[in-house]
Amino acid sequence: MAPPRSFRWARRVFLTLLTGFVLLPVYVMLSGSLKPLADVSGKFRWLPSGLTIRPYIDMWSTVPLARYFVNSLIVAGSATVLSVAVAVFAAYAVSRYDFRGKRVFTVTVLSTQMFPGILFLLPLFLLYADIGNATGIALFGSRGGLILTYLTFSLPFSVWMLTGYLDSVPRDLDEAALVDGCGPLGALFRIVVPAALPGIVAVAVYAFMTAWGEVLFASVMTNDTTRTLAVGLQGFATLNDVYWNQVMAASLVVSVPVVAGFLLLQRYLVAGLTAGAVK
């Protein structure tokens with residue numbers, strides 16, 4: 001039965017307003033990134049008086065943006081790969097096997113999401129400092145330490161989310177693979193992983209976005225050499241001025257990998273997030 005005409009019009013108006021609300025900040029950033037600094041610092045105009053691509057050129061020399069970009073790619077990419085690799089094995093064990101303490105493990109993994117991240121800042125700082133003093137392994141101020149830090153946030157939720165998806169994959173597929181001569185690892189990589197690809201993609205996107213835009217730990221756990229993009233954008237603010245046009249240009253460039261990845265993997269992401277909701 002088709003909805004009434006009044007409902008359709010109300011839906012169109014609401015979606016139009018929602019689209020405008022979402023796209024308005026993007027338009028302000030895009031128009032501001034194409035203006036000279038004097039125009040951005042002055043009175044705001046909806047239609048810029050003049051357009052220039054100079055902010056997109058100057059932003060690479062005002063701060064070492066390329067180095068920050070590489071650091072972010074290495075940290076976010078490594079955290080994503082490790083989160084997916086560990087989550088696949090952990091979720092497969094929780095979903096397919098019964099072991100002592102299984103319920104306690106799942107509750108503990110999920111309960112870690114209740115605590116704000118700032119509570120772990122000082123313990124991790126002291127832990128990294130003690131490890132560095134005892135072993136000489138420099139975790140504080142290094143990309144490796146930041147990767148381990150992000151794993152403490154992304155891994156518990158990744159395990160929980162992927163466990164729910166693997167529960168929706170029929171166990172008959174595992175049993176058929178075992179009958180055909182596959183071992184547990186063979187059944188996992190040949191049968192379960194291809195069937196759980198949407199869930200794995202959803203976990204990867206979540207882990208990447210968590211590491212890509214994180215500011216608090218990146219501002220404390222890094223130095224001038226290992227600084228990431230989320231923290232490096234602060235370099236456009238100096239004692240004398242703030243390069244607002246370059247900030248907006250850099251913000252748009254920073255968002256490109258996340259937006260492009262989301263658009264390319266949107267189909268898998270939606271399927272992975274909604275799997276197991278209805279059985």
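The values are calculated or read from the model by the stated rules, or taken from the named source; none is laboratory data. Just so it is clear, the structure is predicted and the values come from calculations on it, not from any experiment. Cβ coordinates were reconstructed from backbone atoms using ideal geometry, including for glycine residues, and neighbour counts include every protein chain displayed. When the accessible area is computed, the model is the full protein with side chains, heavy atoms only, and any ligands, DNA or RNA have been set aside. Shrake-Rupley method; radii C 1.70, N 1.55, O 1.52, S 1.80 Å.
Tell me which residues, restricted to the range 6-50, are among the aliphatic types (A, V, I, L, M), surrounded by fewer than 10 Cβ atoms within 10 Å (Cβ to Cβ), assigned to a helix (DSSP H, G or I) and modelled with pLDDT under 85. Passing the criteria: only 38. Taken over the range 1-38, the criterion of being of a type in the set (Ser, Thr, Tyr) and either more than 28 Å from residue 251 (Cα to Cα) or without any contact (Cβ under 8 Å) to a residue 40 or more places away in the chain (or both) is satisfied by 6, 16, 19, 27, 31.
Out of the residues in the range 133-152 meeting the condition of being open to solvent by 40 Å² or more (accessible area, probe 1.4 Å) and under 16 Å from the mean Cα position of the chain (by Cα), tell me which one is nearest to residue 67 (Cα to Cα). The qualifying residue nearest to residue 67 (Cα to Cα) is 148.
Residues that are under 17 Å from residue 144 (Cβ atoms) and open to solvent by 20 Å² or more (accessible area, probe 1.4 Å) were ranked within the range 211-221; the one that is farthest from the chain's Cα centre (by Cα) is 220. Mind listing whichever residues of the range 103-121 are assigned to a helix (DSSP H, G or I), of a type outside the set (Phe, Trp, Tyr) and farther than 20 Å from residue 90 by Cα? Matches in the range 103-121: 114, 117, 118, 119, 121. So, residue 81, is that one farther than 24 Å from residue 250 by Cβ, open to solvent by less than 40 Å² (accessible area, probe 1.4 Å), modelled with pLDDT of 90 or more and not in a loop (DSSP other than H, G, I, E, B) or not? Here the answer is no, as residue 81 does not meet what is asked. Scanning the range 113-131 finds no residues that are more than 22 Å from residue 213 (Cα to Cα), β-branched (Val, Ile, Thr) and touching a residue at least 24 places away in the same chain (Cβ under 8 Å).
Examine the range 88-101 for a residue that is among the basic types (Lys, Arg) and under 25 Å from the mean Cα position of the chain (by Cα), and state whether such a residue exists. No, the range 88-101 contains no residue that is among the basic types (Lys, Arg) and under 25 Å from the mean Cα position of the chain (by Cα).
Taken across the range 86-102, residues that are farther than 23 Å from residue 72 by Cα, part of a loop (DSSP other than H, G, I, E, B) and open to solvent by less than 80 Å² (accessible area, probe 1.4 Å) do occur, with at least one present. Restricting attention to the range 222-271, the residues being open to solvent by 70 Å² or more (accessible area, probe 1.4 Å) and not aromatic (Phe, Trp, Tyr) number 12.
Do you know which residues across the range 59-78 are surrounded by fewer than 18 Cβ atoms within 10 Å (Cβ to Cβ) and assigned to a helix (DSSP H, G or I)? Outline the logic, then answer.
The initial filter retains those residues of the range 59-78 that are surrounded by fewer than 18 Cβ atoms within 10 Å (Cβ to Cβ), namely 60-62, 64, 66-67, 70, 73-74, 77.
Answer for the range 59-78, where residues must be surrounded by fewer than 18 Cβ atoms within 10 Å (Cβ to Cβ) and assigned to a helix (DSSP H, G or I): 60, 61, 62, 66, 67, 70, 73, 74, 77.
Taken together, 119, 185, 197 contain a single residue that is open to solvent by 80 Å² or more (accessible area, probe 1.4 Å), closer than 16 Å to residue 85 by Cα and not charged (D, E, K, R), which is 185.
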